[in-house]
Amino acid sequence: MSQKTAKPSEEKLKPKLLSVMKNYSKEQFAKDVVAGIVVAIIAIPLSIALALASGVGPEQGLYTAIVAGFFVALLGGSRVQIAGPTAAFATIVAGIVASEQMDGLIISTVIAGILMIIMGFCRFGALIKYIPNTITSGFTFGIALTIVIGQIKDFFGLTFENSPIETVDKLKEIFRCFDSLNGWALLIGCVSLAILILWPKKLDKIPASLIAVIICSLIVKFSDINVNTIGDLYSISSAPPKFTVPEVTFSRVKNLMPNAVTIAVLAAVESLLSCVVSDGMIGSKHRSNMELIAQGTANIGSAFFGGIPATGAIARTAANVKNCSYSYRSCLTLS
């Protein structure tokens, strides 16, 4: 009776996809297709909105969702994790782009991805359980408050005289320019907000964000009201993402290292927290170290194809679980 059992700490560095595919069925594939369509519908407007909040173009958000989402699905340590741009990075990305331009963001994101891969191979994933809940709650609340303040301008249709980056400066600019309020923009914002709040109470199978985008777009299109659209403010390229390598020097890497560390730590924490939440929803257990490696690879890929930092997205992951309702518990024996 010398059979050995693996210790709990000896987590395999093996993508969950390889384990799940052993017992994959046509029924599961059909439900995965439905879930994929729903998550994509949610991700499109959300990725664009988060990219704009981060100070980059709308296509950067779409590139991030496509490239990062692919690598995390392929290599990830969770059965259901969905990756893409998230609100936690909005202020950080906006600051980097404002001071270091897009090339600086690409270099920072690539370095962050390398750091996350190293963290995964060094098995730092288990350290997530030692982070106090009060820190994550406070951090999440702070990010939410920052996003709300950042969206007041567009919600009220204000015209800023300056382009502030810091949250306090945005608040000052809001009060300074509040007399430029656009009543039609406020009305569209209120309609969108009402749909997002009330729609899930009646019909939660169809994403509320999709309904809000469709209804408000139709109102603006056919009523000819004076509201800025994405097409008015940005030129959106229909070309696929191109592989881009910025000019790299030792001095620039040294200067960008603090930004890279910030992105790496934040992406690691948020991704693993999303995995923990999804574990509770499906009764499974993720591989934290493999997830870090996947997230690192996803960020490197996203950066080289013109995207922004990505991480596991709790809202999109929850939508994936909700719309792919087959029993994950039947796969728990796969390790």
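Counting heavy atoms of the protein chains only and a 1.4 Å probe, report the per residue accessible area for the chain as a whole number of Å².
Spelled out: the 1.4 Å probe surface of the chain, per residue, equals 53 Å².
With springs only between Cα atoms under 10 Å apart, run a GNM on the chain and tell me which of TYR24, TYR234, TYR130 wobbles the most.
Comparing TYR24, TYR234, TYR130 in a Gaussian network model of the chain, the most mobile one is TYR130.
What's the ranking of 270-283, 159-172, 176-189, 108-121 by average number of surrounding C-beta atoms within 10 Å, highest first?
Order by mean packing, descending: 108-121, 270-283, 176-189, 159-172.
In straight Cα distance, which aspartates and glutamates are under 19 Å from LYS12, not counting same-chain residues fewer than 8 positions off?
ASP279, GLU291
Assuming R0 = 45 Å, can you tell me the calculated FRET efficiency for the pair ALA315 and THR159, based on Cβ-Cβ distance, to the nearest 0.05?
0.90
Helix 208-223 versus the longest principal axis of the chain: what angle, 0 to 90°, nearest 10, using Cα atoms?
20
Which value in Å is the Kirkwood Rh of the chain over different Cα pairs?
About 21.2 Å, per the Kirkwood formula over Cα pairs.
Could you work out which residue, out of LEU266, LEU105, LEU46, moves most in a Gaussian network model of the chain, that is, has the largest mean-square fluctuation with Cα springs under 10 Å?
Most flexible of the set in this elastic network: LEU266.
When the solvent-accessible surface of protein heavy atoms is calculated with a 1.4 angstrom probe, in what order do SER99, SER302 fall, highest first?
Accessible-area ranking of SER99, SER302, largest first: SER99, SER302.
Past the 27 Å Cα-Cα mark, which pairs from LYS31/LYS285; LYS14/LYS254; LYS22/LYS285; LYS14/LYS242; LYS22/LYS201?
Over 27 Å Cα-Cα: LYS14/LYS254; LYS14/LYS242; LYS22/LYS201.
Quick one: what are the phi-derived ³J(HN,Hα) couplings along the stretch 163-180, Karplus 6.51/-1.76/1.60 with θ = phi - 60°, whole Hz, x for glycine and proline?
10, x, 9, 6, 4, 4, 5, 5, 4, 4, 5, 4, 5, 5, 10, 5, 6, 8
Okay, helix-only estimate at 222 nm for the chain: each DSSP H run of n ≥ 4 adds -39500 (n - 2.57), divide by all residues, round to 500 deg cm²/dmol; what do you get?
-22000 deg cm²/dmol
What are the ³J(HN,Hα) values, in whole Hz, obtained from phi via the Karplus relation 6.51 cos²θ - 1.76 cosθ + 1.60 with θ = phi - 60°, for each residue of the stretch 301-307 in sequence order, with x given for Gly and Pro?
x, 4, 5, 5, 9, x, x
Sequence-distant or interchain residues sharing an amide H contact under 5 Å with ALA83, placed H: which?
ALA313
Could you state the principal axis extents of the C-alpha atoms in the stretch 99-202, from the largest down, to the nearest angstrom?
Extents along the principal axes, in whole Å: 54, 43, 23.
The values are calculated or read from the model by the stated rules, or taken from the named source; none is laboratory data. Since the model is a prediction, treat every value here as computed from it, not as a measurement. Counting neighbours? That spans all protein chains shown, and the Cβs are built from the backbone with ideal geometry, glycine included. All accessible areas refer to the heavy atoms of the entire protein, side chains included, with ligands and DNA or RNA removed. Shrake-Rupley method; radii C 1.70, N 1.55, O 1.52, S 1.80 Å.
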